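Single-structure report; data block below.
Read-outs: derived from the displayed coordinates by stated rules, not from any lab. Remember, it's a predicted structure, so these values are computed and weren't measured experimentally. Note that each Cβ is placed from the backbone with ideal geometry, even for glycine, and that neighbours are counted across all protein chains shown.
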Amino acid sequence: MFDSFVHLVREIYQTDGFIPLHEPRFVGNEKQYLLDVIDSTFVSSVGPYVNEFEKKIAEYCGVKHAVATVNGTAALHIALLLAGVKPGEEVITQAVTFVATCNAINYCGSAPVFVDIDAATLGLSPRAVAEFLEQCAEHRDDGVYNKVSGNRIAACVPMHVFGHPCDMQGLTRVCADYGIPVVEDAAEALGSYVEGRHCGGFGVFGVLSFNGNKIITTGGGGMILTDDEELAQQAKHLTTTAKLPHAWKFEHDQVGYNYRLPNLNAALGLAQLEQLPNFVERKRQLAGRYLGWAEHNGAEMFKEPAGSQANYWLNALLLNDLEQRDAFLEYSNAQGVMTRPLWALMPDLPMYRHCQTDGLSQSRRLADRLVNIPSSVVF
Ligand SMILES: *Cc1c(COP(=O)(O)O)cnc(C)c1O
């Protein structure tokens with residue numbers, strides 16, 4: 001099976017050289033728009049491409065407002081602050097995520113609480129969240145508190161792993177029961193839908209990333225999505241140093257952040273966004289090829305959850321156990337085909353070791369078995 005996998009990947013990417021996990025594709029108007037920005041001199045945070053990029057992303061995602069940021073981590077930071085996360089509070093999230101999710105929670109002075117995932121979605125399990133809240137939550141006048149720590153539970157952050165949507169109907173229902181705002185980490189899920197609705201549009205905020213390894217890139221960049229006009233205005237204000245609008249005065253009414261996406265990056269983003277439908281279609285075709293191979297070779301690929309349409313940002317192969325996983329990683333990487341295990345689970349990192357968990361049995365099982373395989377768009 002290992003050997004036939006390496007052959008398949010070499011056939012797909014048509015090369016005898018090193019095959020990376022994911023690389024960007026610049027096949028459209030990228031150079032033209034970048035030259036236009038340079039000629040205009042508006043390379044920084046003010047310029048028409050930033051506003052246009054926000055408008056087009058909001059349209060694509062089916063949300064009312066989008067606010068562009070320097071990266072996805074900054075977008076998460078601001079979304080959590082505006083969702084009301086304060087120092088000494090807690091945020092429910094998953095152990096299976098990229099470290100940025102937890103770092104943004106930490107920047108707010110709050111701590112993550114790790115609840116298990118659903119093996120069918122790879123994302124936060126509504127049933128596990130409900131069980132955790134039944135056991136640990138206590139209603140008080142100003143919100144829901146964790147009986148174990150005595151701290152307020154300020155938000156819940158599900159993450160759509162590799163572009164596979166979480167069960168958002170289930171999660172929004174459980175969180176609404178407890179009055180806990182949902183902030184979706186949709187960094188990996190641009191082009192993914194649940195029952196026809198785009199990821200990032202279910203919570204009070206959704207967050208995207210345009211880092212170099214994501215489905216489209218601005219070099220570095222992120223986006224805050226929301227349907228709430230007031231919150232969108234506050235997000236724009238906080239990400240632009242909280243400067244009061246005025247023709248010539250320089251006044252700021254709170255501690256703001258220098259988080260706005262430069263026009264230069266937005267130009268790249270607009271050109272990439274024009275390619276997105278094409279990229280999603282080709283990624284789904286690639287996933288189809290991997291799935292077909294798996295069926296004929298007794299291997300198991302992770303398939304999009306029922307009722308959802310995934311962008312298949314990174315394809316995931318499920319091995320039998322830790323031993324087979326490591327043998328596969330050794331073999332494929334030695335053959336010049338890049339493959340990678342799941343991120344270390346967040347509570348296994350020194351910064352988050354002290355955080356409360358619910359046992360995380362599905363998360364640990366998945367971590368032992370999952371491997372990401374080359375997933376760059378194929379032309
Ligand atoms: C990429 C990513 C982010 C944000 O990353 P940036 O590099 O700051 O844009 C956040 N969460 C997840 C799950 C990600 O994959």
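Rounded to the nearest 0.05, what FRET efficiency do ASP228 and SER149 give with R0 = 25 Å and r taken as the Cβ-Cβ distance? Could you check?
Working: r = 29 Å, r/R0 = 1.17.
The pair ASP228/SER149 has a calculated efficiency of 0.30.
Any lysines with Cα under 22 Å of the LYS236 Cα? List them, leaving off those in the same chain fewer than 8 positions away.
LYS55, LYS56, LYS64, LYS86, LYS249
Only sites in a loop by DSSP and with at most 15 other Cβ atoms within 10 Å count here; which trypsin sites (Lys or Arg not before Pro) in segment 197-272 make the cut?
On the way: sites: ARG197, LYS214, LYS236, LYS243, LYS249, ARG260; in loops: LYS214, LYS249.
Counting only loop positions with at most 15 other Cβ atoms within 10 Å, the trypsin sites (Lys or Arg not before Pro) in segment 197-272 are LYS249.
Between ASN333 and ARG127, what is 0.36 nm times their sequence separation minus the Cα-Cα distance? Round to one decimal in nm. Present the calculation step by step, with values, prior to reporting the outcome.
On the way: separation 206, 0.36 × 206 = 74.16 nm, distance 3.70 nm.
My answer for the length gained is 70.5 nm.
Which ³J(HN,Hα) values in Hz, rounded to whole numbers, follow from the phi angles of segment 86-93 under the Karplus curve 6.51 cos²θ - 1.76 cosθ + 1.60, where θ = phi - 60° and Gly and Pro get x?
10, x, x, 9, 10, 10, 6, 8
Along the charge dipole of segment 238-379, which of ALA242, SER375, ASN311 sits closest to the positive end, that is, farthest toward it, with unit charges on the beta carbon of Lys, Arg, Asp and Glu (+1, +1, -1, -1)?
ALA242
In the chain, which longest range has no GluC sites (Glu not before Pro) that are both DSSP loop (not H, G, I, E or B) and surrounded by at most 11 other Cβ atoms within 10 Å?
Details: sites that count: GLU195, GLU251.
After excluding every exposed loop site, the longest remaining stretch is 1-194.
Under 17 Å from a point placed 7 Å out from the Cα of LEU21 along the Cα-to-Cβ direction: which residues of segment 281-325 have their backbone N that close?
Answer for segment 281-325: 302, 312-319, 325.
Convex hull volume of the Cα atoms in segment 46-147, per residue, in Å³? If you can, show how the numbers build up before the last one.
Working: hull volume 14.3 nm³, N = 102.
With only Cα atoms used, segment 46-147 gives 140 Å³ per residue.
Are there trypsin sites (Lys or Arg not before Pro) in segment 263-353 that DSSP marks as loop and that have at most 10 other Cβ atoms within 10 Å, and which are they? Walk me through the intermediate numbers first.
Working: sites: ARG282, LYS283, ARG284, ARG289, LYS303, ARG325, ARG353; in loops: LYS303, ARG353.
Passing sites in segment 263-353 are ARG353.
If you consider only alpha-carbon coordinates, what radius of gyration and Dmax does the chain have, in Å?
21.0, 68
In µm²/s, what is D for segment 109-244 at 10 °C and 1.306 mPa s, where D = kT/(6 pi eta Rh) by Stokes-Einstein and Rh is the Kirkwood radius from Cα pairs?
Numbers: Rh = 16.0 Å.
Value of D from the Cα-based Kirkwood radius: 99 µm²/s.
What dipole magnitude, in Debye to the nearest 20, does the chain give about its Cα centre under +1 on Lys/Arg Cβ and -1 on Asp/Glu Cβ?
Numbers: 29 positive and 43 negative charges, 102 e Å.
Magnitude of the dipole: close to 480 debye.
Once amide H atoms are built 1.01 Å from N in the peptide plane, which residues 5 or more positions from VAL113, or in another chain, come under 5 Å H to H?
Counting only residues 5 or more places away or on other chains, the set is VAL91, ILE92, THR93.
Could you check the spin-label model distance between ASN213 and GLN324? Points 7 Å from the Cα along Cα→Cβ, value in nm.
Once both label points are built, they end up 2.5 nm from each other.
Determine by what factor the alpha-carbon radius of gyration of segment 315-366 differs from 2.2 N^0.38 Å, reporting the quotient. Can you show the working numbers first?
Values: Rg = 13.6 Å, N = 52, 2.2 N^0.38 = 9.9 Å.
In units of the globular-protein estimate, segment 315-366 measures up at 1.38.
Under a Cβ-only charge scheme (Lys and Arg +1, Asp and Glu -1), can you give me the dipole magnitude of segment 328-379 about the Cα centre, in debye to the nearest 20? The partial results should precede the final answer.
Numbers: 5 positive and 4 negative charges, 9 e Å.
I would put it at about 40 debye.
In nm, to one decimal, how far is the GLU295 label point from the ASN278 one, both placed 7 Å along Cα→Cβ?
2.9 nm
Give me a comma-separated list of calculated 3J(HN,Hα) values for segment 101-117, in order, Karplus coefficients 6.51, -1.76, 1.60 applied at θ = phi - 60°, integers in Hz, x for any Gly or Pro.
4, 6, 4, 4, 4, 5, 4, 7, x, 10, 10, x, 10, 9, 10, 5, 9
Does a label point 7 Å from the Cα of SER40, set along Cα-to-beta-carbon, have any residues of segment 261-286 with amide nitrogen under 17 Å, and which are they?
261-274
Relative to the Cα centre, what is the charge dipole magnitude of segment 160-226, using +1 at the beta carbon of each Lys and Arg, -1 at the beta carbon of each Asp and Glu, and rounding to the nearest 20 debye?
In total the dipole reaches around 140 debye.
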